[in-house]
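The structure under discussion appears below in the form of structure tokens.
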Amino acid sequence: MKKSQQKTPKSDTAPWMKWAYVGIALLVAVAMVGTYLAPMFEKKPTAQVGNTAVIGYTILDEDGRPLITTDQNLLASEYEKGNFVLLTYGLEMPVGAQVSGENIAVMPIVYPEITGFSGFGLLGFETNAISVGLVGMQAGETKTIDFSYGVNDLEMNLSVEDANGIGLNFTNTKVGDLVPLGLAASPDIPLGNETNETAALRFGEVVDKTDDSLVITHRYGSARVTLSGITG
């Protein structure tokens, strides 16, 4: 009798081949994850002195109320609350630049339409703070930058005649009111293509009132700035 020869069944895949396939699959998976995660670890450009920055911003008064903003969502939210806020465009400005604190930069007012003013006035104290605050910021970062005016209290004491002369109703004006002021915008800071046909709009707050005078300050508290990009 012939001994029957038993044939060992061939395995579909040798064990080491299976592990090889698993290893290859893992390598492919890791490579794909690395491809997706790589942008997360890329270093974003940082604003340095001498660069030109493109920013969005909101100017806040000393109580944290927004006065002018590039953020349309914030504008809509504030109007729903019954608050008056101005809308402006984004801004290009040098990083780390310094100008005279008394200079006035005229920002365009997009909405609402306001006549009699060339735009919204930012003082050199404020543009300097924003410009210096941009140093070290990364594209996409948002930062709140506080304003400092040194020994300048930016305060004016108006008589009844003076108040009425600039369009305020002395009788109806009360402490805590925000009132419009017009500041001569010359010399101006060249931050855009605005013309200075009339005074720049500045919001002041009534901080004291007597029978014959008003005390108004026009300091602002801070700017909430988003660095949109760096152009140079």
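Using the Karplus curve 6.51 cos²θ - 1.76 cosθ + 1.60 with θ = phi - 60°, what ³J(HN,Hα) values do you get for each residue of the stretch 171-181, in whole Hz, with x for Gly and Pro?
With the stated coefficients, the stretch 171-181 comes to 5, 8, 6, 10, 4, x, 5, 8, 10, x, 10 Hz.
Quick query: amide H of Leu86 versus all other amide H atoms, modeled in the peptide plane; which residues come in under 5 Å with a sequence gap of 5 or more or a different chain?
The answer is Ile68, Thr69.
Please report the net charge: other residues with Cβ closer than 13 Å to the Cβ of Asp177, K and R +1, D and E -1.
Charge balance near Asp177 sits at -1.
Using the Karplus curve 6.51 cos²θ - 1.76 cosθ + 1.60 with θ = phi - 60°, what ³J(HN,Hα) values do you get for each residue of the stretch 51-56, in whole Hz, with x for Gly and Pro?
Along the stretch 51-56, the couplings run 6, 10, 10, 9, 10, x Hz.
Rank-order 45-56, 126-137, 212-223 by packing density, defined as the average count of other C-beta atoms within 10 Å over each peptide's residues, highest first.
Listed from highest to lowest mean packing, they are 126-137, 212-223, 45-56.
The numbers here are math on the coordinates, done by the rules we state, and not lab data. Keep in mind it's a predicted model, so treat the numbers as computed, not measured. Glycine also receives a Cβ, built like all others from the backbone with ideal geometry; neighbour counts cover every protein chain displayed.
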